[in-house]
Every structure is written in structure tokens, then in C-alpha cells.
Amino acid sequence: MVEAQERRHLVLIGNGMAGINTVEQILKLAPGIYRITVFGSEPYPNYNRIQLSYVLEKSKAVEDIILNDRDWYLENGIELYTATTVTHIDTEQKTVKADNGMEVPYDTLIIATGSNPFILPVPGADKEGIVGFRDIADCENMLHAADQYKKAAVIGGGLLGLEAAKGLLKLGMDVTVVHLFEEIMERQLDHTASLMLQAELESQGLKFATGKHTEEFLGDKRVSGIRFSDGTTLDAEFVVMAVGIRPNIALAKESGIAVNKGILVNDYMRTSVPDVYAVGECNEHRGITYGLVAPLFEQGAVLAKHLCGVDTKPYEGSVVSTQLKISGVDVFSAGEFMDAEGLSIVRMHDDWRRIYKKVLLRGGRIVGGVLIGDGKESSRLQQWIRTGTIMTEAIHDAIVGLASVETGNTAAELADEEIVCGCNGVTKKHIMDAINEKGLTTVEEIKVATSASRSCGGCRPVVEQILQYVLGDKYDSAAAKQEAICSCTTLSRDEVVTAIKEKGLITSKEVRYALEWDNPEGCSKCRPALNYYLGMIWPAEHVDEKDSRFVNERMHANIQKDGTFGVVPRMYGGVTTPEDLRLIADIAVKYNVKLVKVTGGQRLDLLGVKKEDLPKIWKDLGMPSGYAYAKALRTVKTCVGSQFCRFGTKDSMGMGIKLEKKFERLDMPAKFKLAVNGCPRNCAESSTKDIGIVGNEGAWEIYVGGNGGIKARLAELLCKVRTDEELLEIVSAFMQYYRETGKYLERTSDWIERMGLESVTEAVVSDLDNRRALAERMEVALAQVKEPWSEILNNSNLRERMFDEISVSTKPN
Ligand SMILES: Cc1cc2nc3c(=O)[nH]c(=O)nc-3n(C[C@H](O)[C@H](O)[C@H](O)COP(=O)(O)OP(=O)(O)OC[C@H]3O[C@@H](n4cnc5c(N)ncnc54)[C@H](O)[C@@H]3O)c2cc1C
Ligand code: SF4
């Protein structure tokens, strides 16, 4: 170990993704050769900027996206100055000066100042309510705006703009994406792909104003709208500018370091000044500035080796790929994507499944590709583009083969050198070696050891498949060593469920005591989960612990943001009668409900009901609860089918009603949706349901694992059956298998990815004995369900307790 005073002093300006990634590599290659000081303008330790969209849509908190917490800096002897901006570099004296007056000498300096969002230089751009989307502060601004305002505009229909728009939409804002060109993401997608993406986003609620040139922001102090060059205007109380980024070069420029668009660097990231390097979005390499992490991490790897005296190839540039997150549709694009002379195109376009795949070949070699709606092959496609692989029958099949036949463990088919994690450049071999050499058994461990899935997280399912592939039979026992279900215990879901069965534990209290929970009371994460697992394992014996349930489930109504409730009566298969409709209307008037909404699940939501009116409304309605609030079967959406439709080959309404009546009220790991269609025209949208049933040529096709939410996923074909009896048995077995093996709050879309469609098919279709056993256990569980509204109405103790005790919380469930 080199003595501290002998160590060269490395100063890093910019505590962001590229800079800290370089420092991590240096610490791995030659720990201790540098004394390291880091300056960062933001008040946070290093965080995952890519995942800001998740913070915006509130699926993650700021703490969840911290990559290196303050302890990491301490443990590695790094001096960290957050909320401190370097204002000057003296390249002669080799010192940096910060805005708090600090002056620090350096031997080696890395500039990693990233980019700034580009703000359109048009009149009014400095008004209040106009922000960029770059950091946590911007996210907080947006979250705050969503609480106060309704109408938002996002200028820029690229990756960042769409993610921002989707986030604001999720926060309840009315969002219009304004784009200069007629087609969104025109730098990554061709005409067809762009239109498909726009249509998908429109169906999710986004509005678009394309071909619009922003000329002025309207309003006094605060923005109130946008005027375009064609004279039209758009109302907007809040504007996000996502029209591009500009490398942050001001500091380098004023310090006399050569810049163009970015800070000019050679193939080892050296700037025009000795001992000064620049890495990340702030630099310009061979005329290119990058805006995605994968190339920046490649640059960092070369720079780290160079600074540690390790032989390295020069950095020669990167092929970038784009993957859109949170939009609810898979979008991938890499390399060339537009039709052009000299290119041959392999194309697959499936309107029903909303899938588009295009691979571009030059001289038979893969030079680009676009995937919409099914991004399973994105890692491999990227690798093929990177290596200029020649198209083969197998590749052709893998890419444009029908999604329904693409099942199984794709990890087995990946070549060792194929890159699995595009952001961090981690290959399959790297992951397999780490699993074998370090005895890794979970994705989290792989993430720590190799960085795979650490950045955008898109490769997580493939990493999991590799784990499964390497561990083979041992995978099951490994699965037991998964994440703890919450911070009250170190035990995973599987360990807890096994212990409940083996030790015969019946109540949550017993579980927490017998399994030595750190917190004897449990927490908001484990309490509802334990209640579910106990009910699933001991349907007859376990007494539902109502206090452990989320507030919506305790109240049997959906709490709204103003503290009132939404009441949704059951409407089996989306079918009602004039009498019931009249009754609902009368009750809506009687209780002065604020809004009657036809839901996506084909029923009526009475919104704005006061808490004290809930039991009265239930009584007056005299209808069963629609369970619109529960981790249970929500609805069975049906088309009119053969009863009325001239295309209908099957009685979808009849079957939908039968299914809804059979499985209503049953607790599931997460909310559960079904749809039944009379023919493949699929009017009731089976492809985004947990179970989607489609009548086809006298038979029923059963699709599973669909999801139309944040992480959209198209359902996959489980099997095709001839008779209604078979259909009911398989649906029953599928639901019970999911109940028995799903983690609490895990949707079937994630569950299928985790379990693999093949193993689910084996358990609920092929293995007849198992299928019957599952269906029988389902009957036992169904025998216990009770109608909750009437149960509360008939039980005065329960009614008093519920309506006296429950305080309103606006936390999302
Ligand atoms: C919302 C969003 C989504 C994204 N999604 C993706 C994605 O899906 N895939 C992908 O590959 N990339 C994505 N990116 C881009 C990716 O985050 C960037 O490419 C990456 O963060 C750039 O790293 P960097 O270190 O160069 O810059 P940054 O991460 O921006 O770090 C630069 C840091 O330097 C600080 N700084 C600047 N000047 C000074 C100074 N003078 N003194 C001290 N500190 C200073 C800044 O405050 C900042 O913290 C996304 C970006 C955003 C904003
Ligand atoms: S899915 Fe087929 S049967 Fe059902 S309404 Fe549409 S066209 Fe008619």
C-alpha cells in the first residue's frame, strides 16, 4: 500500500454516472494508488440518473436510486464535497477552486460535468413553470407542479420527453407532447415504428401536437401557454423542455481547455491540457458527443486502465442503442433504422399484438434494428449489430418468429461473449463466471458483483434466466435465498411460506414470533403480505386480519385523493340491466356523487362518496362489491360474442359471466384481470390481461401474463382447449398456481417472467394430476369467500369499528 502522502491526488469534478463509474473502475484495478477527492454540484451522493423517470412516476423514491451512498465514499477514503461547484481550474498551478472558496491541488484531474438541458431560446423561456428534466431537483419541481396544476406540455418527443410526459400523466396531469417533427423519436424510429409508438401512448392518455415549432411562451410571470409558428396556441400551466442536451463545457472553456461541442478528448480521454481528462457527456470524442451511459462507461473503462497503468486498447467510439422506459411499451432501436439503398430489410409487423420488428442488413450483415412491443431480443440484436453478424436462419427465427412461440430460457441460446447488460457492457460469460466463482445465487448479488442490471435495469429478466441456467437444479434452493420480504426479517417469501406450512403457523403474530421478526409488530410491507400467505395456505383456518390490509381493502372502496371514496358495484362480464342502471343513477343523485365514470373494466364507478355514506350506498344498491380496490379478481371484460356479433364464434359474455361469478372475491397476490373474446378480433383486449381468452375456430385460446399498466406486457399463449370444462379447469389451476407461488404484489406479468412460461404450462396444463390438484385446492379456497359489503352491513360491531376507526390516508396502495 502506498503511503497517503506519496499517493497521487486525483480530483474528480462531477459526482455523476460517468465520473463515479471511472472511479469505481480505478478502485477495482489499483486500490490505493490515488488519494481521491470528488466535487459535485448536487446535494446527493452518486445516483442513477437513468431512473429519475421512476422517481417521477413515484414507483421509486430518491433513496432507491442512490448508487453509492455516503458510506461508500468513506469506506474508500474518498473526500466528497456535495453541493459544491468547481468554478475554476488553474491548469498551470494544477489546482481547482470551488464556489465555497476551497482550493484543492491535483496531480490528475477528471472533468465529468455531464450536460445541461437545452432551453429553447424563444421569448418567455425564462418564465416560472418552465423546467428541464435532468436531475432530482427537476423531478421535485415536476412532482410539486403536478400537485398544483393540471395542464402540462412537454416539448420534445424524444426518449427523455416521452418519459417525462408519461411520468406527468401518471401523476394525473393532462399532458401534451409538443414535437417539432411530424414523427416522434424520429432519430431512432422509422415511420411505422414511430406511428405505432404514438398510437400506443395516445391509447394510454398522452396527447400529441406534432409538426409544431414553438415561437413563444405566453403568460405573465408564470407560463400559461405556448404559441407556435403556425399561429396556434396550447394552454399549459407547466412546461418541461426536453429538446436535447448540451455538454457542460463552460468550466473547461474558461480554464483554457480546448472545446468544440464538448471538451475535446483523444482515445484515452485526455484533453488538450496535460493531466486533465474528460469523461462522459461533457466530452467530444472523434466529433461525437454521447447522451447514453453505455458509451460513457466504455470511455470510463479505458480511462481507468490508462490512469492505473494497465494496458488498454484505445476507445474508438460506440454503437448506441435506445430503450424507452416506463412508457408501457417496449421500444428498442440501435444502429441504422431507416430504409435506404443498399440495405435489405427483414420486417415483421403484427397489428393485433402491436409488435413491429425490423432488422437492417448490409451485404447480409446486421447493421441496425428496431423492436416495438416485444424487446426480448434487444440485447442479442445489439450484440449482432455491434459485431456485424451475418444473418442466419436461426437469427431470423429468433427475431421475427412469432412472439407466442418465443418461450423458454433464452439465456441458454446466448453466446458466451454476448453482452447482456448494454449499459455496463457485461457479457453472459462475465455473469456466469461470477456465479460460478463467487457462488452467487441472486440477481442482487450478480448486480453487486458485475454491475449487470445496475443502470437502466432492462436486462434483469435475462440475468435471472442466466442464473437459472447456470444453477440448474440448484436454482430452486437458490430461489429460497432471495430478497427478504421486508426489513423486519432476513427471510425471503419462499422461506416464510415454507416455515408457515412446516410449523403450522396460523396467525401473523405467530409467524413474527416463531420466525423471530426483528420488529414484533411487523411493518406496512410484511403485514398485508403475511395475511395473504396465511389465507392462501390455510383457507379454512386462517381468520382474515383486516387491520393488516391496505386501507382500500379495509374500507372495501377506493380512496380518492380528496379523501372521498369510489364505489364500484359488481357488473358481471360488463353486462347490466335497465333496472340496475336506473337504480345506480338514482343512488348517484341521492348521494350527490361527484362523477359517474365508466371504467376500463366495463362497469360504473361512483366517485366522490363520503366515508359515512358508504354503508348506506351499499345497502341501497343491494349489489355485490366489484372489488375494484382489491388484490383479487377485478373484472372479466367481455365482448358481445356469438350472442350478438356476426363474427362471434363463441359465447364470450356467457363465459365471462361464469368466470367472474366463480372467481370473484378470492384473494390473489396482486390485482387480477380477465377478458373473454368471441373471436380473434379481440375487441375486449385479451392481450393485456392476466388471463385473456379468445374464441377461435370452435376452441378457446388461453393467453396469460398480459399487463396494460406501467410495465406493459403482451399475454402469451398458454394453450388451446376445446371444451368449456377444460377451460374452467385450466383457468382455475393457473390462478391457484399463481396464488401458491406468486410473491405478494407480484403481477402475473412479472411472475411469468420469473417462473418461465414453460414451467407454468407444465404445472397447469400438461401435468394432469397437478392440474386437478390445483383446481381442487382452488375449490377449497373459493368455499371460504364472503361478500364483504353485505357482511359489514349485517355485522354491527364490524360496521362501527370500521367507520369509527379508519383514518384517511392518501398514500397510494
Ligand atoms: C431522465 C433521464 C433518463 C435517462 N435515461 C437513460 C437511459 O434509459 N439509458 C441511458 O443510457 N441513459 C439515460 N439517460 C442519460 C444518462 O443519465 C446520462 O448519459 C449520464 O447520466 C451521463 O453521465 P455524466 O456523468 O456524463 O453526467 P451526469 O450524470 O449528469 O453527472 C454530471 C454531474 O456533474 C455535476 N457538475 C456539473 N458541473 C459541475 C461543477 N462545475 N462542479 C461540480 N459538479 C458539477 C452535475 O451537477 C452532475 O451531478 C437519462 C438521463 C435522464 C436525465
Ligand atoms: S371479438 Fe369478435 S366476437 Fe367479439 S365483438 Fe369483436 S368481432 Fe365480435
Checklist outcome for this item: Of every hundred units of 1.4 Å-probe accessible area on segment 184-250, the number belonging to carbon and sulfur atoms, as a percent, is 48
Item to check | Apportionment of accessible area to carbon and sulfur, segment 639-704, percent (1.4 Å) | outcome: 50
Checklist entry - Tell me, what is the per residue accessible area of segment 126-265 in Å², probe radius 1.4 Å? => result 42
Checklist outcome for this item: Taking N as the number of residues in segment 1-102, the ratio of its alpha carbon radius of gyration to 2.2 N^0.38 Å works out to 1.18
Checklist entry - Taking the Cβ of LYS94 as the center, what net charge do the other residues with Cβ under 13 Å away carry, scoring Lys and Arg +1 and Asp and Glu -1? => result -3
Item to check | Over 20 Å [Cα-Cα, segment 110-190], rounded percent | outcome: 37
Next on the checklist: Give me the mean projected area, in nm² to one decimal, of the convex hull enclosing the Cα positions of segment 237-296.
Outcome noted: 5.2
Next on the checklist: What number comes out for accessible area per residue over segment 607-669 if the probe is 1.4 Å? Units Å², please.
Outcome noted: 38
Checklist entry - Short version: what are the Cα gyration tensor semi-axes of segment 585-626, square root of 5 times each eigenvalue, largest first, in whole Å? => result 16, 13, 9
Checklist entry - Mind checking which lysines have their C-alpha under 20 Å from LYS428, skipping anything on the same chain fewer than 8 residues away? => result LYS376, LYS438, LYS447, LYS474
Next on the checklist: Going through the cross-link list LYS594/LYS786; LYS509/LYS619; LYS313/LYS429; LYS221/LYS597; LYS429/LYS720, which pairs have a Cα-Cα distance over 27 Å in this structure?
Outcome noted: LYS594/LYS786; LYS509/LYS619; LYS221/LYS597; LYS429/LYS720
Next on the checklist: Among DSSP bridges having both ends in the chain, what percentage is antiparallel? Round to the nearest 5.
Outcome noted: 60
Next on the checklist: So for segment 407-460, considering every pair of alpha-carbon atoms, how many percent are separated by more than 17 Å?
Outcome noted: 32
Next on the checklist: I need the Debye-formula profile for the chain: one equal scatterer per C-alpha, no solvent, reported as log10 I(q)/I(0) at q = 0.06, 0.10 1/Å, two decimals.
Outcome noted: -0.44, -1.23
Item to check | Nearest-ten-degree value, helix 526-537 long axis tilted from longest Cα axis of the chain | outcome: 40
Checklist outcome for this item: Its Cα gyration tensor gives segment 33-83 an equivalent ellipsoid whose semi-axes in whole Å, largest first, are 25, 11, 8
Item to check | 0 to 90° range, to nearest 10: angle between helix 293-307 axis and the chain longest Cα axis | outcome: 40
Item to check | Per-residue [θ]222 nm for the chain (sum of -39500 (n - 2.57) over DSSP H runs n ≥ 4, rounded to 500) | outcome: -9500 deg cm²/dmol
Item to check | Degrees between helix 159-170 axis and first principal axis of the chain (Cα, 0 to 90, nearest 10) | outcome: 40
Checklist entry - If one puts a single equal scatterer on every Cα of segment 65-163 and applies the Debye formula without solvent, what log₁₀ I(q)/I(0) results at q = 0.18, 0.19, 0.24 Å⁻¹? => result -1.06, -1.09, -1.34
Item to check | Accessible area expressed per residue, segment 496-536, with surrounding protein chains retained (probe 1.4 Å, Å²) | outcome: 51
Checklist entry - If you take the charge dipole of the chain about its Cα centre, with +1 on Lys and Arg Cβ and -1 on Asp and Glu Cβ, which of ASN770, ILE20, LEU296 is farthest toward its positive end? => result ASN770
Checklist outcome for this item: Projecting the Cα atoms of LEU583, ILE446, PRO274 onto the charge dipole of the chain, where Lys and Arg contribute +1 and Asp and Glu -1 at Cβ, the residue farthest towards the positive end is LEU583
Next on the checklist: To make sure I understand the rule: partners must be aspartates and glutamates, Cα under 12 Å from the Cα of LYS261, and not fewer than 8 residues away in the same chain. Which ones qualify?
Outcome noted: GLU281, GLU284
Next on the checklist: Probe radius 1.4 Å, ligands and nucleic acids ignored: give me the carbon and sulfur share of the accessible area of segment 507-606 as a rounded percent.
Outcome noted: 55
Item to check | Lys pairs under 30 Å by Cα in segment 1-129, provided they are eight or more residues apart or on distinct chains | outcome: 5
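The values are calculated or read from the model by the stated rules, or taken from the named source; none is laboratory data. For clarity, every value in this text was computed on a predicted model and none was experimentally measured. When we count neighbours, we look across all protein chains shown, and the Cβ atoms used for this are built from the backbone with ideal geometry, even at glycine. To get the accessible areas, we keep the full protein, side chains included, count just its heavy atoms, and leave off ligands, DNA and RNA. Shrake-Rupley method; radii C 1.70, N 1.55, O 1.52, S 1.80 Å.
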